[in-house]
Structure formats: structure tokens, C-alpha cells
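Below is one structure, written out as C-alpha cells; the observations come after it.
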Amino acid sequence: MKEKTEKKPTERPQNKNLKRDAGPGRPKGRKNFKTLFYQALERIGEKSGVNPDDLELELIETGIVYARKGHYKFWKDVQDRVYGQSMKKMEVSAPDGEPLFHDPKAKEVAAKYEEEMFELLKEE
């Protein structure tokens, strides 16, 4: 009889940059929502004999009707996922309206520049 040999555990490399340790996000090879959305429209279109573009328009019309009734979440989710999120405003000044400065000396330089520009405009 053969003796059973003890298996040694395989050592895994500690490199965190390997594909299996990629972190959050969609796994490689998985389709995004936009692709799945259009594939679903095509599949439903084939089964029902309707053009996928007409289905998309019908879905948009339904979303608008629901949004007008107050059910905006459905409409927003489809819009954001398929057509992208709208631009968001971002505050880029300090709460008192002054520009943000990380370096106190930069604030002094900006104030001096502002004074010089004011003097130049006065001369003209």
C-alpha cells in the first residue's frame, strides 16, 4: 500500500494587484447595465415583433408618465444608468465666499495682486 502523503498548502503571493484582488467594481467580463438594457430591449422586441427603438421610446414615455405622477425614482434610475448622470454643482469657495487657500502666503499674494490690479484699473 502506498502511504498517504500530507499535502502542503499552496502559498499565495501577497501581491494585492492580482486580478482576483481587484477590489470593488464590476468583475471583468461582466456586462454593464447599459449593454444589458439594450440586449433586453432587443430580446423583447424579437419575441413580441416590435422594433427595439419603439420599445425604448415606450419605456421613456412610461417613465415620463410615472415621473409626472410623482414616481420619479424609476425614471431617474434608468436615465442615470443608460444616459449618464447630469452634472452636479460643487462649491469651490470657502463658506464666507472667499477662495480656498491651503497656503496662508498664497492668500497674501492674491490680495497683493488684487490691489495691484485695482490700481492699474484706476489709472486707466
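Of all the criteria given as (1) at pLDDT 90 or above; (2) within 20 Å of Asp80 (Cβ to Cβ), the one not satisfied by Glu46 is (2).
Screening Ala110 with (1) modelled with pLDDT under 85; (2) surrounded by fewer than 10 Cβ atoms within 10 Å (Cβ to Cβ); (3) among the small types (Gly, Ala, Ser) gives one miss only, at (2).
The values are calculated or read from the model by the stated rules, or taken from the named source; none is laboratory data. What you see is a predicted model; the values in this text were computed from it and never measured. We place every Cβ from the backbone using ideal geometry, glycine too, and count neighbours over all the protein chains shown.
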